1. Output yes when any residue across segment 107-128 is of a type in the set (Asp, Glu), farther than 16 Å from Leu42 by Cβ and in contact with a Ser or Thr (Cβ under 7 Å, 6 or more places away or on another chain), and no when none is.
2. Please list, ordered by residue number, the strands (runs of 3 or more DSSP E) wholly in segment 168-234 having 3 or more residues that are modelled with pLDDT of 55 or more and under 21 Å from the mean Cα position of the chain (by Cα).
3. Would it be correct to say that Ala88 is small (Gly, Ala, Ser), in contact (Cβ under 8 Å) with a residue 24 or more places away in the chain, farther than 25 Å from Ala149 by Cα and surrounded by 16 or more Cβ atoms within 10 Å (Cβ to Cβ)?
4. Does at least one position in segment 145-155 carry a residue that is more than 17 Å from the chain's Cα centre (by Cα), in a strand (DSSP E or B) and on the phi < 0 side of the Ramachandran plot?
5. Select from segment 38-77 the residues that are among the small types (Gly, Ala, Ser), surrounded by 17 or more Cβ atoms within 10 Å (Cβ to Cβ) and closer than 23 Å to Leu15 by Cα and list them in ascending order.
6. Consider Ala108 against the criteria (1) surrounded by fewer than 18 Cβ atoms within 10 Å (Cβ to Cβ); (2) touching a strand residue (DSSP E or B) at 6+ places or on another chain (Cβ under 6 Å); (3) more than 22 Å from Gly139 (Cβ to Cβ): it satisfies all of them except one. Which criterion is unmet?
7. Return only the number of the condition from (1) touching a helix residue (DSSP H, G or I) at 6+ places or on another chain (Cβ under 9 Å); (2) exposed (fewer than 15 other Cβ atoms within 10 Å of the Cβ); (3) under 25 Å from Arg208 (Cα atoms); (4) of a type outside the set (Val, Ile, Thr) that Gln131 does not satisfy.
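The values are calculated or read from the model by the stated rules, or taken from the named source; none is laboratory data. Since the structure is predicted, the reported quantities are computational estimates derived from the model, not experimental observations. Quick reminder, even Gly has a Cβ in these numbers, built from the backbone with ideal geometry, and neighbours come from all protein chains shown.
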Amino acid sequence: MSRNDSSDRARALSLTPVSRETEQRLDVIVALLEKWQRTINLVAPASLPQVWTRHVADSLQLIPLAGDVRRWVDLGSGGGFPGLVVAAVLAERPDADVTLVESDSRKAAFLREAARLAELPVTVLPSRIEQVAAVLAPGVEVVSARALAPLPRLLQLAAPFLAQGATGLFLKGQDVDNELTQAAKSWRIDAEMRASLTDGGGHVLIVRNAVPLGPDGAGESSGGKGFSQGGHHG
């Protein structure tokens with residue numbers, strides 16, 4: 001590990017501290033990512049020198065927002081952020097079960113290999129989200145996604161999980177306000193935003209519920225329209 005890599009790792013773990021055992025699992029994931037990145041574009045190449053702060057810590061900040069959960073589904077897991085990182089933490093919890101949904105077969109192969117080497121409680125589904133969401137949703141406590149789709153589309157993909165009581169934790173960029181405005185045209189959304197710990201313009205969107213609006217602008221299950229914010233801006 002170079003001096004820059006070491007300082008990036010130290011900064012990330014100071015922002016989002018974890019146990020020594022989890023650090024070791026994360027080291028395995030990052031080492032494999034750097035190896036596979038030479039042949040598969042798992043993360044943006046320019047972000048690789050800051051992989052710990054840009055990707056690992058960015059993912060770790062979801063853990064305290066989720067609480068003491070066991071069943072987690074990550075949609076469009078790609079290079080494993082946040083899914084593999086979440087699993088590295090949840091590995092310390094009995095009966096943890098993290099499902100990573102990734103339709104790209106090469107990325108799914110990376111996720112499986114990382115989960116095997118780091119001994120993570122992970123199931124990788126090389127499927128389209130729409131094909132598996134309804135079957136997966138019962139019992140899931142958290143559904144997450146990062147850089148997957150604009151919020152209106154993301155809510156469509158996550159809706160089966162939210163309808164079953166899961167909390168949505170979505171890592172979003174500086175355009176999140178505009179995405180919420182667009183989504184509120186077709187969804188009644190109960191959500192709050194927290195400022196990202198690692199990205200000055202980024203946010204974590206915590207979605208408690210999202211109900212499609214009917215043609216008259218009312219939610220299918222109850223009245224109301226648009227975006228209602230709980231909590232606070234971080």
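1. no
2. Once the strands (runs of 3 or more DSSP E) in segment 168-234 are filtered for at least 3 residues that are modelled with pLDDT of 55 or more and under 21 Å from the mean Cα position of the chain (by Cα), what remains is 187-195, 203-212.
3. Answer is no for this residue.
4. Looking through segment 145-155, none of the residues is more than 17 Å from the chain's Cα centre (by Cα), in a strand (DSSP E or B) and on the phi < 0 side of the Ramachandran plot.
5. Ala57, Ser59, Ala66, Ser77
6. (1) is the only condition that Ala108 fails.
7. The failed condition is (1).
Residue-by-condition table, conditions (1) touching an Asp or Glu at 6+ places or on another chain (Cβ under 8 Å); (2) more than 22 Å from Gly165 (Cα to Cα):
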{"residue": "Ala87", "(1), (2)": "no, no"}
{"residue": "Ala91", "(1), (2)": "yes, yes"}
{"residue": "Val98", "(1), (2)": "yes, no"}
{"residue": "Ser105", "(1), (2)": "no, yes"}
{"residue": "Ala115", "(1), (2)": "no, yes"}
{"residue": "Val132", "(1), (2)": "no, no"}
{"residue": "Glu141", "(1), (2)": "no, no"}
